[in-house]
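Asks: Have a look at the structure that comes next, please.
Just so it is clear, none of the values below were taken in a lab; they were calculated from the coordinates. A quick note: this is a predicted structure, and the numbers were derived from the prediction, not measured. Glycine gets a Cβ as well: all are built from the backbone with ideal geometry, and neighbour counts include every protein chain shown.
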Amino acid sequence: MPTDFTFPDSAARAAEAAEGEKLEINLGPSHPSTHGVLRIRLELDGEVVTKADPVVGYLHRGDEKIAENMTYNQFVPYTDRLDYLAPLANNVAYAIAVERLAGLEVPARGQALRVIVCELARISSHLVGLGAFAMDNGAWTVFMYAFEEREKLYRLFEELTGARFTTSFSRIGGMARDVPAGWLDHASDFCDQFVPRLEEMLGLLTDNRIWRDRTEGVGIISKADALAWGCTGPILRASGVAFDLRKDKPYCGYEKYEFDVPVGTRGDCYDRYLVRGEEMRQSVRIVKQAIAMFPAGAVSAFEARKIVAPPKARVLESMEELIQNFMITTEGPQIPAGEVYFEAENPKGALGFYVVSKGGGVPWRLKIRSPSFCNLSILPKVCVGAMLGDVVSILGSLDFVMGECDR
């Protein structure tokens with residue numbers, strides 16, 4: 001009997017069956033390995049990832065819009081909440097952007113202090129990244145060692161700024177205050193004792209067979225892909241691109257310090273681990289140089305009377321200084337009209353601030369270029385073809401912060 005029904009061939013049936021076996025699961029936003037409120041929609045063929053879509057925005061607070069209703073100094077605490085593992089570095093990047101818009105130069109002592117706090121913040125951030133990355137892959141001891149060293153840094157930060165976590169230490173035109181007596185010695189002592197502790201931590205992992213099996217050849221990002229997807233920081237350098245804003249576009253006097261830029265060769269999880277480990281060594285090297293060359297003078301550009309508040313001692317002695325302090329506190333630093341974009345080499349990558357001013361004490365528009373958001377954009381490419389268990393290693397090696405990603 002004639003019929004118009006045709007049976008598919010075996011190849012088509014196999015393809016249809018294979019397609020039907022795909023499994024969709026959610027990794028996050030409440031999973032510890034996503035390091036925050038990141039959700040990844042995964043499509044699996046067995047245990048092989050065939051699709052990975054990151055879903056962000058769970059921590060969105062509208063920071064950029066909030067900035068339009070605050071004076072320039074009032075927004076400093078909001079920068080703490082970006083990469084909240086390195087708030088001191090965020091403060092500095094934002095302050096420099098506004099200072100460049102105002103054509104303001106910070107005194108040498110203030111710049112040296114900024115270099116010190118930025119590099120200590122880099123060490124603190126990388127310690128969290130290293131500890132969490134190691135713990136995600138079962139290395140609990142490294143996590144404990146890393147957080148012990150980070151606690152020592154928090155004591156230093158508290159002694160300097162009065163806060164452990166959200167420091168709000170930079171101001172437009174300089175720093176909130178000078179270093180307390182003996183603080184530089186404490187910072188130097190930390191560096192001296194940290195180096196052997198760092199070598200001990202890295203020694204537990206670098207030649208560890210299990211660690212290398214979990215990270216070598218996993219999550220490879222080629223040089224071309226890293227550039228095409230806008231990756232920056234340790235991720236870009238691990239892929240073989242020797243680009244570091246501290247070297248290529250120096251700020252805060254970084255050109256005066258000797259340090260090396262570590263570069264990887266394969267761009268896998270293992271290379272990203274090695275790059276961050278070497279960056280901590282180089283940060284110690286920079287801090288020691290900055291302390292040795294720490295200049296005298298003021299930490300803020302007090303001569304910029306409409307931008308920088310006068311020292312407290314002068315406010316208590318002079319009516320003119322008191323009025324100046326009152327005007328800057330209530331109306332904000334008076335920044336001329338214009339626009340500027342500035343990027344700093346933060347621990348996660350290039351943190352950029354685009355500021356538009358129409359004059360006065362409040363920005364007209366502010367846009368933040370967050371490295372975590374840009375680095376996470378490569379997830380759909382780097383996760384495809386990996387095993388489900390390798391996704392955890394890949395996420396740990398990217399070392400992102402969702403507060404900065406979502407803003």
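Asks: If the elastic network links every pair of Cα atoms under 10 Å, which of Lys247, Lys223, Lys312 fluctuates the most in the Gaussian network model of the chain?
Replies: Lys312
Asks: Another question, then. What net charge do the residues around Arg155 carry, taking every other residue with its C-beta under 13 Å from that of Arg155, with Lys and Arg at +1 and Asp and Glu at -1? Don't jump to the answer; show the numbers that get you there.
Replies: On the way: positive: Arg150, Lys152, Arg164; negative: Glu148, Glu149, Glu151, Glu158, Glu159, Asp189.
Charge balance in the 13 Å sphere: -3.
Asks: Exceeding 31 Å between C-alpha atoms, which entries from my cross-link table qualify? They are Lys22/Lys65; Lys152/Lys256; Lys65/Lys306; Lys51/Lys152.
Replies: Values: Lys22/Lys65 41 Å; Lys152/Lys256 27 Å; Lys65/Lys306 25 Å; Lys51/Lys152 42 Å.
Beyond 31 Å: Lys22/Lys65; Lys51/Lys152.
Asks: Okay, next question. Return the distance in nm (one decimal) between the two label points of a simple spin-label model at Lys381 and Lys367, each offset 7 Å from Cα along Cα→Cβ.
Replies: 2.2
Asks: If you don't mind, there's one more thing I want to ask. Placing unit charges on C-beta atoms (Lys and Arg positive, Asp and Glu negative, everything else neutral), compute the dipole magnitude of the chain about its Cα centre in debye, rounded to 20.
Replies: Values: 45 positive and 55 negative charges, 217 e Å.
Roughly 1040 debye for the chain.
Asks: Now, a different point. Taking 0.36 nm per residue of sequence separation and subtracting the Cα-Cα distance, how much length would be gained by fully extending the chain between Lys65 and Asn208, in nm to one decimal? Could you put the intermediate results ahead of the total?
Replies: On the way: separation 143, 0.36 × 143 = 51.48 nm, distance 4.71 nm.
My answer for the length gained is 46.8 nm.
Asks: Can you work out the FRET efficiency for the pair Glu216 and Val356, with r the C-beta to C-beta distance and R0 = 45 Å, to the nearest 0.05?
Replies: Details: r = 46 Å, r/R0 = 1.01.
Approximately 0.50, to the nearest 0.05.
Asks: Per the helix-only calculation at 222 nm, which mean residue ellipticity applies to the chain, given -39500 (n - 2.57) for every DSSP H run of n ≥ 4 and division by its residues, nearest 500 deg cm²/dmol?
Replies: Values: 18 runs with 197 residues, N = 407.
Roughly -14500 deg cm²/dmol at 222 nm, from the helical runs in the chain.
Asks: Provide the net charge surrounding Leu366, with neighbours chosen by a C-beta distance below 15 Å and charges set as Lys +1, Arg +1, Asp -1, Glu -1. Show your work: numbers first, answer last.
Replies: On the way: positive: Arg61, Lys65, Arg81, Arg100, Lys358, Arg365, Lys367, Arg369, Arg407; negative: Asp63, Glu64, Glu68, Glu99, Glu339, Glu343, Glu404.
Residues near Leu366 contribute +2 overall.
Asks: Hey, can you grab everything whose amide H is under 5 Å from the amide H of Ser300? Only 5+ residues off in sequence or another chain; H modelled, so Pro and N-termini drop out.
Replies: Met175
Asks: Also: For Asp260 and Arg164, compute 0.36 nm times the residue count separating them, minus their Cα-Cα distance, and round to one decimal in nm.
Replies: Working: separation 96, 0.36 × 96 = 34.56 nm, distance 2.92 nm.
Stretched out fully, the Asp260 to Arg164 stretch lengthens by 31.6 nm.
Asks: Separate question: By a straight-distance test (C-alpha under 28 Å), which lysines pair with Lys249 as possible cross-link partners, with residues fewer than eight away in the same chain excluded?
Replies: Lys223, Lys288, Lys348, Lys358, Lys367
Asks: Give me the net charge of Leu59's neighbourhood, meaning all other residues with Cβ under 13 Å from the Cβ of Leu59; Lys, Arg count +1, Asp, Glu -1. All intermediate terms of the calculation are to be shown ahead of the outcome.
Replies: Numbers: positive: Arg39, Arg61, Arg81, Arg407; negative: Asp63, Asp83, Glu404, Asp406.
Result for the local shell: 0.
Asks: Here's something else I'd like to know. Would you please state which residues of segment 373-400 a label at Asp45 would reach in this model, taking the label point 7 Å out along Cα→Cβ and a backbone N cut-off of under 20 Å?
Replies: Residues 379-392 fall inside that zone.
Asks: Let me ask something else about it. Over the chain, with a Gaussian network built from C-alpha contacts below 10 Å, which listed residue (Pro347, Pro262, Pro87) shows the highest mean-square fluctuation?
Replies: The residue with the greatest mean-square fluctuation here is Pro262.
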